[in-house]
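First the structure, in the form of structure tokens, and then the observations on it.
What follows is calculated from the coordinates using simple rules that are stated; it is not laboratory data. In this text the structure is predicted, and so the values were computed from the model without any measurement. Using ideal geometry, Cβ is built from the backbone for each residue, glycine included, and neighbour counts are taken over all protein chains shown.
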Amino acid sequence: MKRREFLKTALGGSAGVLCGGGLAEARPNLEPAPEAVGMLFDATLCVGCKACVAKCKEVNGMPPTVLNGEPQWDSAQDLSGETLNVIKIYTEGKGSTKDMVKDGFAFEKRSCMHCVDPGCVSACPCTAMRRDPITGIVTHHPDACIGCRNCMVACPYNVPQFEYNKVFGQIHKCQLCNQAGVERIDKGQMTGCAEACPTGATLFGSRKALLAEAKRRMALKAGDTYSYPRGDVRKPDSMHEKKVPVYQQHIWGETEAGGTNVLHISAIPFDKLDMPPLGSRSAASISEGVQHTLYSYLALPAIALAGLAFAVKKNTDDEGEGDGS
Ligand code: SF4
Ligand code: SF4
Ligand code: SF4
């Protein structure tokens, strides 16, 4: 038996035992943290001013982006080790009408979604990624990080960024402005990006209140006037009136991959905004369920051995038939 066939047979035998035997069970998705906080990004309110990008850099002590030799605070095109929040642009055709799919344009925020059941936390072998059990904020802790980059692979939104240009590079991502030395949320402040946003396109608050606000907007009639809050949804800095757009009836993050604490709503379908296709199960719930089952039954060595024994037996039988003995 060739080596490749041997491995295929061994793995096939193992998978058969694993699945047929019903050993692999997924755990349920985690529930939102009891006092979960997050943000609501309403793409229809975003004017692309990028005040949030500059403020994020200021709050987090990140350097400016250098473009054509010039340092610029709001010109980052993508997330990186130096940029934790970017505003991307969708355009189609002539790109002339805001929030229209055809010949239109729109803005979309990219930063950590602060998943309810985060893949990065589950994949990190040394608890350098942590989900706060009370607020649900997902933070990275460089003192515990070994730079394995598992979190980068496990994140469905490509959020964690590694500093490849440094000898001792580190992982960076949005910490919802609540990491050591910043702690805006613990001090009762809102996130830097929500504070800087002039239109309320980035709104801070509890996940519960933000979800209720998003649902309220879904139920509005297009063309009516609505008073949009700015700052913290629970105690807005100000309100401003604006005509209601034609929203997609979809609150991104209500259920995707177990839900997120940062929610998005938009007039443009999310697949056109390059959001990943995700079901309602979190990857962490599936992978941790399988691992837990394997380790709790100490099944992994037994399964591997069973697969190998089956392959060896098949090999021996085949050789016997070939000999005519
Ligand atoms: S978006 Fe990515 S980095 Fe942020 S919590 Fe979710 S899995 Fe982790
Ligand atoms: S919450 Fe803070 S770190 Fe995250 S994107 Fe906003 S300003 Fe940046
Ligand atoms: S500050 Fe607000 S309006 Fe300006 S780009 Fe950021 S989210 Fe959009």
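Which of CYS197, VAL244, THR135 sits closest to the plus end of the dipole of the range 37-284, meaning its Cα is farthest towards the positive end, when Lys and Arg get +1 and Asp and Glu get -1 on the C-beta?
VAL244
Which distance in Å, rounded to a whole number, links the C-alpha centroids of the range 184-220 and the range 95-156?
What the calculation gives is 18 Å, centre to centre.
Pop a pseudo-label 7 angstrom from the Cα along the beta-carbon direction at both SER227 and ASP274 and give the gap in nm to one decimal.
Going from the SER227 label point to the ASP274 one covers 3.8 nm.
On a full-extension model of 0.36 nm per residue, what is the gain between GLU163 and ALA219, subtracting their alpha-carbon distance, rounded to one decimal in nm?
15.8 nm
Can you work out ³J(HN,Hα) from phi for every residue in the range 152-169, in order, using Karplus 6.51 cos²θ - 1.76 cosθ + 1.60 and θ = phi - 60°, giving whole Hz and x for Gly and Pro?
Each residue's phi maps through the Karplus curve to give 5, 6, 7, 7, x, 9, 6, 8, x, 10, 9, 7, 5, 7, 10, 5, 10, x Hz.
May I ask you to compute the full-extension gain from MET239 to LYS102, defined as 0.36 nm times their residue separation minus their alpha-carbon distance, rounded to one decimal in nm?
46.3 nm
Using 0.36 nm per residue of separation minus the Cα-Cα distance, give me the extension gain between ASN68 and ALA212 in nm, one decimal.
47.4 nm
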